[in-house]
1. Among the listed residues B:434, B:410, which satisfies the condition of being within 14 Å of chain A (Cβ to nearest Cβ) and under 22 Å from the mean Cα position of the chain (by Cα)?
2. Just checking, does region A:307-322 include any residue being assigned to a loop (DSSP other than H, G, I, E, B), within 7 Å of chain B (Cβ to nearest Cβ) and more than 18 Å from the chain's Cα centre (by Cα)?
3. What's the number of the only condition in (1) open to solvent by 10 Å² or more (accessible area, probe 1.4 Å); (2) modelled with pLDDT of 95 or more that residue B:104 fails to meet?
4. Which is within 24 Å of residue B:285 (Cβ to Cβ) and either within 39 Å of the chain's Cα centre (by Cα) or modelled with pLDDT under 95 (or both), of B:488, B:465, B:458?
5. Restricting attention to region B:238-267, report how many residues are assigned to a strand (DSSP E or B) and either at the interface with another protein chain (Cβ under 10 Å from one of its Cβ atoms) or closer than 19 Å to residue B:98 by Cα (or both).
6. Looking at B:563, B:579, B:537, B:546, can you tell me which residue is in contact with a strand residue (DSSP E or B) (Cβ under 8 Å, 6 or more places away or on another chain) and not assigned by TED's automatic domain parsing to the domain that holds residue B:412?
7. Are there any strands (runs of 3 or more DSSP E) wholly within region B:269-340 with 2 or more residues that are under 22 Å from residue B:358 (Cα atoms) and assigned by TED's automatic domain parsing to the domain that holds residue B:378, and if so which?
8. So which of B:284, B:327, B:347 ends up being surrounded by 24 or more Cβ atoms within 10 Å (Cβ to Cβ) and more than 7 Å from chain A (Cβ to nearest Cβ)?
Amino acid sequence: MRTLSKADFQSSNETRWCPGCGDYAILASVQAFMPELEVPPERIVFVTGIGCAGRFSYYMNTYGMHAIHGRAPAIATGLAAAREDLSVWVVTGDGDALSIGGNHLIHAMRRNVPVKVLLFNNRIYGLTKGQASPTSELGKVTKSTPGGSIEPPANPIALALGAGATFVARSVDRDKEHLSGVLRAAANHEGTALVEILQNCPVFNDRAFEHVTDKREASENRIPLEHGAPITFGAERPRAVVRLPDGSLGIVGAEQADAAAIVEHDAKRESPDLAFALSQLGDLTHGPVPLGVFRDVEAPVWGQTIASELRAAATRFGERELDELLHNANTWRIS
Amino acid sequence: MLLYPRLDNGERGYVRTMSAQARVRGVGRREEARERVVVRFAGDSGDGMQLAGGRFTDATALGGNDLATFPDFPAEIRAPAGTVAGVSSFQVHFASRDIATPGDSPDMLVAMNPAALKANLSQLKAGASILLDEDAFSKRNLMKAGYAVSPLEDGALRDFEVMRVPMTTLLLSLAEGIEGASSRDAQHARNLFALGLVSWIYDRPTDITVRWIEAKFSKTPVVAEMNLRAFKAGWNYGETTESLVAGQVHVAPVKDLPAGTYRTVNGTTATALGLIAASVKSSLQLVLAAYPITPASELLHELARMGRAGVRTVQAEDEIAAAGMALGASYGGALGVSATSGPGMDLKAETIGLAAALELPLVVIDVQRAGPSTGMPTKTEQADLLMALYGRHGESPVPVLAASSPAQCFDAALEAVRIAVRYRTPVILLSDLFLANSSEPWLIPEAAQLAAIDPHFAKPPNPDAPFLPYARNDDLARPWAIPGTTGAQHQIGGLEKADMTGTVSYDASNHALMTRLRAAKVAGIEVPDLRVDGDEGAQLLLLGWGSSEGAIRAGVRRVRQRGLKVARAHLHHMNPLPGNLRQVLSSYERVLVPEMNEGQLARVLRAEYLVDVRSHAKVEGRPLFASEIEAAILGELG
Ligand code: SF4
C-alpha cells in the first residue's frame, strides 16, 4: 500500500468555519491522524449531521455524506450493514447528537455498530446563531433563553454509558496530542466509539472550556484517565480521585488521600459503574474535568458475523435459486 | 368412527325460506353448478378464521378455480372475546372464470358466534346461506354481541338458508374418543369442523388440507388428531346430514387461463419476492430497514426469513432511522429499501428529500391504511397519493408507483427498483392493506425472463480528469460511485450542489438549473403508455389506480353484460404519468375516477390536464366493491 500523509486526507473544498473556531483544530488533528489507520481514503467514509460540525465531511478527502439533522448515526448504521470493509466515522454536534438525533445515537451505541462517533460539544447552537443546546449549562443566557436556561444540561458521557456504549472517551479541540491518542484508541476499538470533543465556539460561546485548554489552568482542571494508573492530577494543587466511604467518588487533596483509597482507572472493566461514576465527577463549566478513555470493553460487534455471511449468500443466490424460491409453495400446472 | 348426537327431529335448528324448502324437498339433495361463489368465515379473533380461510383458499386454488381473498381482522390483538369489535373474518371469492375482486356480498357466511353474525349479517343478500355454531348462541354470548333477543328466535334470519349445527357439542363428544384430548382442544377445532363442512358443500379437494394439518401439528399428535377428525367430521356431516345441509354446489375449474405453473400469493409475499428478484437481477444485496407498523411489518417478517437470499433486514429504532439506514445501505452500493404504512411515511419525508438531493437509489414502500394519524390500522385506504407525490418541502419530485393486485406487487416491486437504480432516485411504491393481505393465483414468472437491472457503478476515474459526481448521462442520472472506488472520493449532502462538480453552491442560477435537472430527470422516466380496455364508441372512461383495479374491472364487466359501452384504464405509474394520458383523457366525453380517498387522483388529473373528471370517492376502510362501480357507471350513463 502507498504511504499516506495528512495531505491525502485534505479535500480541496474551502473550509468555512468562523475564524478561530475549534473545529479547525479538530479537523487538522483528524487529518493528521488518518494515515495511522493505514486505510486508503477511498475506504473511509465520514457521515455528518447538521450544524457547524456537519460541514466536516466536505473537508475530508474521503467519501463523505453531509446528511440530515440528527440522522447520521442511522445512515452510518445502514452503510455499515451493507459494507463491513469500510472505516465509517460520524461527526456530530451537541444539538445534532443529543437533541434531534438522540434516539439514533442511543441505538447505534446499544447495537455496538462499527462506527466511530466524534461529538463536538460546544454547548451552544452555532449554525442557527446562538440558541441554548442540550448541553448548555443551567442559567445560560442565550438568544432563546434570555432569562437564563431553566434546563439542566445533558451529560454525553453518562448518556453513552447508559446506552451501553462499549467505548466512551472525552478529549478537547486544542490539544492535538491528547485528541490523537483518543482517536487512536477509538479507531482500535471494534464497536461503536463515542468521543466527546470539547470544542470552543468563539462566536457564540467563547471560552466555554478555557479552564481545560488554557496553558496555566489546564493542569489544574484536567483529570487524566489512563487505564491502570491511579487517578491523580494538579501540578500546583495535587489532588486525587478517591472512593468515599459512601461508595461515591470524590476529589481530595493528594496530601489527605490514603494511597489505598486512590482510584485506579480501569477502562476495561465489564461493568460501566466506575466509568459512570467518573462521568459524574468534576464540573464541566468551571472545574476539573475527566479527560481520556472512560470505557473501552470488548463486546460483540453489530452484524459482524452475519454481514459477510449474508453478502456471500447474496452472491450465491442466482436465478436458479430464485426460481426455486418462487415455486416454494403449493403449485399447480395449467397446460 | 364419528360420533354424532342424535338429532331429535329432522327440523332441528332448521330455518329456511319456503323456496329453499321447495328446492330441497322431494327432489333429493341439491346438486347445483355455479359460476362463482363467495364464502366468508367469521368468528372471534381466537376462533381460527384466518386459518380456515387460508386452508380453504389453498384447496380452492388447487381445485383450479380463479380466486381472490380478503382477510379482515380487528386492530386489537386481543379484543374482548365474543364482542363485535373482536370479530375476525376471511372472505374467499372463487369462480370458474377470471375474477377480479374478493366479492361484495357472501353467498355463504360461516358465523362461529353471535358477534360474527351481527357484524356480517347486514352484508348478506336474501337467499344467502349461513352456517353457524348454535351452541355458541348462549345467553352470555348473545349479550356480549349486544343481542337482546336471539336472532335465531326472532325471525331475523328468515330470508336466509340457515344451517344451525351444534358444533361445540359434536366436537366435545368427538374429543371423548381421542386419548388425551381436552375440551379446550375440542373448542379449538371448531374452525376445522366448519372448514370440513364448507369444503364438502363446495366440493373442495381434501388431501391438501389433511396434509397441512398433519404437518402443522406434527409436534402435538393429540391436537393433530383432534383437528383431523374435526375436519373429517365436518365433511361427513355435510355428506350425511341431509336434513340440514341442502346439498353440494360445484364451481368448475377455469378453462381459459394461460398455461404455466401457478401458486397463490398475497401482496406482502409478492412484494418480498419482487424485491428479492430485483436483488438477483441487479446483483445488489437487498437491505431492508423497517420499524414495526401494521400492516407493513409483515414484509419485514417475510424478508427477515430470507437470509439464504442474502437479504439483510434491520429493525430500526424508528421510522426515520429505517429510511436513513436504507439510504445508507444504498450509498454503500446495496439495494436499500424501507417499508412502512401511512404514519411512518410522515416520518420518512425528510430522508426521501435527502435521497432526492443526493440522487441515490432508495425504495420506500407505503402499505397504505386508513388515516389520518393512527386512523384505522387494520382497514384499507388509498389516501396517501398526494403525500407521496407532494409531501416534502422544496421542489422534490419523486417517482411514484402503485401496485394494482396482490400478484402485481411482484412486478411493481421490480419496477420500483428498476427506476430507483437506473435514475438514481428515491421511488415510492404505494401498496395498501387490502393488497398486502389479499391473495390470488399467480402465474409464476421465470427468473431468466425478468429484465436485468444494471447498477452501472462508477469506475475509478482517470487520474488526470477530476471525478464529477454530478455529471449526468442521457437519463440525466448521475454516477453511483460507491465508497471503495479509488480516486472517486467525493462529498455529497443535502446542501445544494453545483452542477457537475457537486461542491456546495448557493449560486442562484445553479439552484434553478439543479432544480430543473432533478425535475426533468423524474419527468423523463420511461413509462409505458396507458392501455385502454374500451368498447368501440364508449363515451365514458373509468380511470383507476392501485388496488381498486379488480373492483373496477368487475364493475365494468357487469355493465357490459347489460350491453352498455364503457372504457377502462388503470394507472400503475403515478409520477410521471404515462405520456399518452392526456390524449386518452381527451378521447372520452366523460371520465370517472373511482378511488378509496376523497378524490386525490381526480385532483391531480384536473390540475395536470384541465380535464373535468368526476370523482367516485369511498373512505370506509373497505375496498371498493364491483357493485358500487357498477352503480356509479350506471349513474353516469344515466
Ligand atoms: S458558529 Fe461557532 S461553532 Fe460554528 S463555525 Fe462559528 S465558531 Fe465554529
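The values are calculated or read from the model by the stated rules, or taken from the named source; none is laboratory data. Being a predicted model, the structure only gives us computed values, none of them experimental. We place every Cβ from the backbone using ideal geometry, glycine too, and count neighbours over all the protein chains shown. The accessibility values were calculated without ligands, DNA or RNA, using every heavy atom of the protein model including side chains. Shrake-Rupley method; radii C 1.70, N 1.55, O 1.52, S 1.80 Å.
1. Details: B:434 fails: within 14 Å of chain A (Cβ to nearest Cβ).
Unique residue meeting the criteria: B:410.
2. Residues of region A:307-322 that are assigned to a loop (DSSP other than H, G, I, E, B), as a first pass: A:317-318.
Applying the additional criterion that residues be within 7 Å of chain B (Cβ to nearest Cβ) yields A:317-318.
Add one more test, that the residue is more than 18 Å from the chain's Cα centre (by Cα), and what stays is A:317-318.
The answer is yes; a qualifying residue exists.
3. So residue B:104 meets the others, but not (2).
4. Working: B:488 fails: either within 39 Å of the chain's Cα centre (by Cα) or modelled with pLDDT under 95 (or both); B:465 fails: within 24 Å of residue B:285 (Cβ to Cβ).
Step by step, each of B:488, B:465, B:458 is checked, and only B:458 is within 24 Å of residue B:285 (Cβ to Cβ) and either within 39 Å of the chain's Cα centre (by Cα) or modelled with pLDDT under 95 (or both).
5. We begin by selecting, within region B:238-267, every residue assigned to a strand (DSSP E or B); these are B:247-250, B:260-266.
Narrowing the set further to residues that are either at the interface with another protein chain (Cβ under 10 Å from one of its Cβ atoms) or closer than 19 Å to residue B:98 by Cα (or both) leaves B:249-250, B:260-266.
So the answer is 9.
6. Working: B:563 fails: in contact with a strand residue (DSSP E or B) (Cβ under 8 Å, 6 or more places away or on another chain); B:579 fails: in contact with a strand residue (DSSP E or B) (Cβ under 8 Å, 6 or more places away or on another chain); B:537 fails: in contact with a strand residue (DSSP E or B) (Cβ under 8 Å, 6 or more places away or on another chain).
Residue meeting the stated conditions: B:546.
7. Numbers: elements: B:286-290, B:312-315, B:335-340.
By residue number, B:286-290, B:335-340.
8. Details: B:327 fails: more than 7 Å from chain A (Cβ to nearest Cβ); B:347 fails: surrounded by 24 or more Cβ atoms within 10 Å (Cβ to Cβ).
Of the residues listed, the single one that is surrounded by 24 or more Cβ atoms within 10 Å (Cβ to Cβ) and more than 7 Å from chain A (Cβ to nearest Cβ) is B:284.
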